[in-house]
Amino acid sequence: MLLWNQNQETLDIQVDDYDVLLRPGQIASVTYLQKVSFNRTQAPLTAFSFNREFYCIIDHDEEVSCNGILFFGTQDLPIVTIPEPLCNRFTTLLNVFAEEFSMPDKIQGQMLQMLLKRLIIMCTRLAKEQLIVKVLDNEQIDVIRKFNVLVDTHYKTKRKVSDYAALLHKSPKTLSNLFAIYNQKSPQHIILERLALEAKRLIRFTDKQNQEIAYELGFNDPAHFSRFFRKMTHLSPSEYRNSQIAHV
């Protein structure tokens with residue numbers, strides 16, 4: 001889903017348990033894994049929501065190259081800002097979307113897919129320009145993108161940088177050096193953060209007990225899971241659960 005703030009004011013939304021301030025002219029991308037709440041804002045928000053049956057970003061990754069840049073399960077929500085010279089282009093595309101929705105026929109689905117693909121490509125280009133360090137070349141950007149996708153796929157079973165380096169046919173040192181250029185988080189920290197984020201989602205949005213969550217996330221010992229969770233969040237799983245209940 002793509003969330004576009006077309007208002008003149010900043011919107012306060014929640015993604016998982018993080019506050020996200022979406023400024024005017026900004027677009028945020030979220031996945032089906034992330035829980036979005038609009039309780040803190042009354043202003044309208046333009047949302048482009050689609051499911052895997054309509055358009056799967058994994059199956060069509062070669063077409064748009066967005067998976068791992070716009071859409072992945074981490075807590076660092078990709079947000080792009082539409083530059084002034086491109087505002088009309090985005091607005092025109094939105095108008096074409098609205099027009100196409102009013103014309104149901106046999107080719108409507110194909111037309112909407114084409115428009116969605118164009119929107120995703122436009123946002124991906126902005127993300128590469130605004131969120132990725134300029135010194136990285138296309139091959140390096142692709143490694144980062146694929147790493148993010150692999151972590152989303154394997155974080156329950158693979159927790160070492162060497163595991164992902166092998167899948168990417170890179171050395172662990174090469175991967176770590178690349179991320180040192182890209183941002184301040186190391187690949188190892190990203191892997192563990194992804195695991196902790198899923199633990200928080202399961203605690204907050206399901207009725208599963210701590211022991212069930214531990215086993216689901218690949219921990220053989222619930223006590224080991226509890227120590228990991230405290231290290232990552234400074235709370236035990238039970239303390240985190242109670243803190244979320246208190247905020248309801």
With Cα coordinates, the longest principal axis of the chain makes an angle with the long axis of helix 187-205, in degrees rounded to 10, of 90 degrees
In whole percent, the Cα-Cα distances of the range 1-52 spread across 5 Å bins from 0 upward as 5, 21, 34, 26, 11, 3, 0
Rounded to the nearest 10 Å², the 1.4 Å probe accessible area of residue 10 is 70 Å²
Taking N as the residue count of the range 10-89, its alpha carbon Rg divided by 2.2 N^0.38 Å gives 1.16
Using the Kirkwood radius over Cα pairs of the range 143-183, the Stokes-Einstein translational diffusion coefficient at 4 °C and 1.567 mPa s, in µm²/s and rounded to a whole number, is 127 µm²/s
From most to least accessible, 1.4 Å probe, no ligand or DNA/RNA atoms counted, 79, 107, 13 line up as 107, 79, 13
Debye calc, one equal point scatterer per Cα of the chain, no solvent, log10 I(q)/I(0) at q = 0.10, 0.12, 0.14, 0.17 1/Å comes to -0.56, -0.80, -1.06, -1.38
GNM on the chain, Cα springs under 10 Å; top mean-square fluctuation among 140, 108, 211 goes to 108
Mean 1/r over distinct Cα pairs of the range 180-248, inverted to a Kirkwood Rh in Å, yields 12.6 Å
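Could you do me a favour and compute the accessible area per residue for the range 209-248, 1.4 Å probe, result in Å²? Before the final figure, lay out each step's value.
On the way: 2600 Å² over 40 residues.
I get 65 Å² per residue for the range 209-248.
Would you work out the charge dipole size for the chain about its Cα centre, treating the Cβ of every Lys and Arg as +1 and the Cβ of every Asp and Glu as -1, and quote it to the nearest 20 debye?
Values: 29 positive and 28 negative charges, 154 e Å.
That gives a dipole near 740 debye.
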Once all protein chains are kept in place, residue 103 shows an accessible area at probe 1.4 Å, nearest 10 Å², of 90 Å²
For residue 156, the lysines lying under 30 Å Cα to Cα, once residues fewer than eight places off in the same chain are dropped, come out as 35, 128, 146, 170, 173, 185, 200, 208, 231
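Among 59, 105, 207, what's the order by accessible area (1.4 angstrom probe), most exposed first? Display every interim value, and only then the final one.
Numbers: 59 120, 105 80, 207 145 Å².
The residues order as 207, 59, 105, largest area first.
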Rounded to the nearest 10 Å², the accessible area of residue 55 using a 1.4 Å probe with every protein chain kept is 10 Å²
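Students sometimes get this wrong: rank 124, 233, 174 by accessible area, probe 1.4 Å, all chains present, largest first.
174, 233, 124
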In whole Å, largest first, the alpha carbons of the range 70-195 cover along the principal axes 52, 32, 24
On the accessible surface of the range 76-148, probed at 1.4 Å with all protein chains in place, carbon and sulfur together account for a percent value of 54 percent
So, with points 7 Å from each Cα along the Cβ direction, the residue 173-residue 31 label distance in nm works out to 3.1 nm
Placing one equal point scatterer on each C-alpha of the range 1-143 and summing with Debye, one gets log10 I(q)/I(0) at q = 0.10, 0.13, 0.14, 0.17 Å⁻¹ equal to -0.35, -0.60, -0.70, -1.05
With every protein chain kept in place and a 1.4 Å probe, the range 1-128 has an accessible area per residue in Å² of 55 Å²
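The values are calculated or read from the model by the stated rules, or taken from the named source; none is laboratory data. Predicted, not measured: the structure shown is a model, and the values here were computed from it. Positions of Cβ are backbone-derived with ideal geometry, glycine not excepted, and every protein chain shown enters the neighbour counts. Side chains are part of the model used for accessible areas, which takes the heavy atoms of the whole protein and leaves out ligands, DNA and RNA. Shrake-Rupley method; radii C 1.70, N 1.55, O 1.52, S 1.80 Å.
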